[in-house]
Structures are given as structure tokens and as C-alpha cells.
Amino acid sequence: DLCKLCHSKKNYVLPIGNINGKILLVGEAPGAEEDIHGKPFQGPSGKLLYKAVLESGINTEDVAITNVCMCRPPNNRTPSKEEMQTCVPYLMWFINQMLNLKVIVLLGSTPLMAVLKLQRIMDKRGSFMNKDGRTFLPTMHPAAALRNMNLYPLLVSDLRTAFLHASGQIEYGSYKLIDTTDAATRILDRLEQVEEVALDIETGSENEPDFQHDPILGCLLYTSD
């Protein structure tokens, strides 16, 4: 009774899958098919999600699936902030029941905002984030990949990253902030001792490096992994 959505729904759409699994997939809210069957991801985007899960190497027995909201918003609109806030405690309760959980995959902008209070899913996708001792991996909602199949390989890649983390093949990085000359010198000395280095450079311009206005380019964030 805390949320008006419960009065217009046909069924509560509760989590499915293995509560002892290592991976939890969190979507936005039920659609028409989910409202009828009472299970998440039953429509076309759900079929694409299951296809991506299999292609990523994830064992379906290692997965649980749910949404931020348990009731269908009218006309499949995006849940309001109040609707999300009502259901998030139930989502967090379910997360706490998954004792073997290793990574929570946030499918789209709604779970990213509801759980981590962040926006711009395409800027955040594919990067591990940590909150309250939990590891999160944002990616696009499969509905976005359904509309633009060029995004589908990115969805599979992000799910593959989640699988590798859950299976212990990659770990959440140990990050260090390099913001002094001495720290930068030490890091440069260290980089001379390794064979391969990956760099992601942010500049002051969206179109080209703005070296004349940003000669220092801020600071460097790296992971020892």
C-alpha cells in the first residue's frame, strides 16, 4: 500500500533464479509479459538477455534475476523516484539473502540511479563499483540492445566481465590516486619494469586534447591489477 503501482498490477513480479548464485541481474520494472506471468524478463528483451547470458559463459544456475520495482508501471513507463524508493528496500533485502553473491549487474539507468544514485549508464558501463561491501557492474538494459543491436556485443562483454569476477578470474581493482610529483615519479619508475601498460587519458575537450589549457591533465588514477 506504500506505492500506487500495487493497485494496478496483475501480479507481483518477484525474483527468480538461484538465491545461492554468485550473480544477480537487476532490471528496471516489469512489462506486460512479466505482469502476466509474474516473472521478470519474459518478453523480447528478456529473451535477448538470456541469449547474452549464455554467450557470456555464465551458468544460468549461478544467476538470480529481479527488478528494482516489483509492479508494472502503466504503459511501461519508467518508474518514478518515489516508486523506486518504495521497492529498493525489498531489493536490498533480497541481496542480503544471497550469501554467495559476488557481483550485482545493474541493467540500465533505473537500477543505476536507484541503487548507486548515479546517472549516464553508457559512461559507467563495464566498470566495477563498490558500495557497502558489495560489487556492482553497470551495463545497458537489454531493451537498449534490442533497439540497437550494435550495443549487443557490449552487453555480452559486460556480462562476461561479471562472470570472470564471480568465478574469481578477475578481482575488483586496488586503486591508487597519483596526484603529486613524487607519486608520479614512483609510478613512472614502476611502469618501466613492466612489459604492457594500458592508458585512458581524459582531456579538457571532447574533440581533441586541450594541452594548452590543461597542461597537467589533472591526476592519474590507476589500478595495480
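The values are calculated or read from the model by the stated rules, or taken from the named source; none is laboratory data. Because the structure is predicted, anything quoted here is derived from the model rather than measured. Every residue, glycine among them, receives a Cβ derived from its backbone with ideal geometry; neighbour counts consider all protein chains shown. When the accessible area is computed, the model is the full protein with side chains, heavy atoms only, and any ligands, DNA or RNA have been set aside. Shrake-Rupley method; radii C 1.70, N 1.55, O 1.52, S 1.80 Å.
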- [ ] Can you give me the three principal axis dimensions of the chain from its C-alpha atoms, in Å, biggest first?
- [x] 62, 37, 33
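Cα-based count: Lys pairs in the chain below 15 Å, eight or more positions apart or different chains?
On the way: Lys4/Lys81; Lys9/Lys39; Lys10/Lys39; Lys22/Lys102; Lys39/Lys47; Lys81/Lys117; Lys102/Lys131; Lys117/Lys131.
The result is 8.
In the range 31-101, what GluC sites (Glu not before Pro) fall in a loop by DSSP, with at most 13 other Cβ atoms inside 10 Å? The partial results should precede the final answer.
Numbers: sites: Glu33, Glu34, Glu55, Glu61, Glu82, Glu83; in loops: none.
Taking the range 31-101 and a limit of 13 other Cβ atoms within 10 Å, no loop GluC sites (Glu not before Pro) are found.
On average, how much area does the Cα convex hull of the range 83-132 cover when viewed from any direction, in nm²? Don't jump to the answer; show the numbers that get you there.
Working: hull surface 14.7 nm².
Answer in nm², one decimal: 3.7.
Quick one: ranking Leu107, Leu54 by accessible area, 1.4 Å probe, largest first, what do you get?
Working: Leu107 0, Leu54 115 Å².
My answer, sorted largest first, is Leu54, Leu107.
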Open item on the list: Report for the chain the percent antiparallel among DSSP-assigned beta bridges with both residues inside it, nearest 5.
Closed with: 40
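Please list Ile36, Ile104 in order of solvent-accessible area, largest first, computed with a 1.4 Å probe with all protein chains present.
Descending accessible area places them as Ile36, Ile104.
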Open item on the list: How large is the accessible surface of Leu24 in square angstrom, using a 1.4 angstrom probe and rounding to the nearest 10?
Closed with: 0
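Fully extended, how many nm does the chain gain between Asp123 and His37 (0.36 nm per residue separation, minus their Cα-Cα distance)? It would help to have the intermediate numbers written out before the result.
On the way: separation 86, 0.36 × 86 = 30.96 nm, distance 3.35 nm.
Stretched fully, the Asp123-His37 segment lengthens by 27.6 nm.
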Open item on the list: How large a share of the accessible area of the chain, in percent, is made up of carbon and sulfur atoms when the probe is 1.4 Å and the other protein chains stay in place?
Closed with: 51
TODO: May I ask you to give the solvent-accessible area per residue for the chain, in square angstrom, as obtained with a 1.4 angstrom probe?
DONE: 60
